[in-house]
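Enquirer: Here it is, the structure in full.
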Amino acid sequence: FELLNEPHDKIDADIWNARIPQVMSMVRASNPERNVIVGPTHWNSRNDLPLLKLPENDRHMIVTFHYYNP
């Protein structure tokens, strides 16, 4: 599953990066090896990929991005 599809508006990179480990700890309490999809802010923009900070020791995360230009 995905933590949050296309975070945007009031969820900037600082807020989102602070929330990811908090939410992941809740997920891992009941699903220690489930693959979880996480994307950057600004509607999962590829331009925000460099701003995305993920927990270093979690090997069950998949990064996604959305690209809407042709």
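Enquirer: Could you list all residues from region 41-59 that are under 17 Å from Glu2 (Cβ atoms) and in a helix (DSSP H, G or I)?
Expert: Thr41, His42, Trp43, Asn44, Arg46, Asp48, Leu49
Enquirer: Right, another one. Contact list please: Cβ distance under 7 Å, first residue in region 26-46 and surrounded by 10 or more Cβ atoms within 10 Å (Cβ to Cβ), second residue among the small types (Gly, Ala, Ser), pairs at least six apart or on different chains.
Expert: Short answer, once both residue conditions are applied: Thr41/Ala13.
Enquirer: Checking Ala18 against (1) in contact (Cβ under 8 Å) with a residue 12 or more places away in the chain; (2) in a helix (DSSP H, G or I): exactly one of these is not met. Which one?
Expert: Exception for Ala18: condition (1).
Enquirer: For residues in region 1-25 being among the acidic types (Asp, Glu) and surrounded by 11 or more Cβ atoms within 10 Å (Cβ to Cβ), which is farthest from His66 (Cα to Cα)?
Expert: Asp14
Enquirer: Among the residues of region 60-69, is any part of a helix (DSSP H, G or I) and at pLDDT 95 or above?
Expert: no
The values are calculated or read from the model by the stated rules, or taken from the named source; none is laboratory data. Small disclaimer: the values here were computed from a predicted structure and weren't measured. All Cβ positions, even for glycine, are placed from backbone atoms using ideal geometry, and neighbour counts span all protein chains on display.
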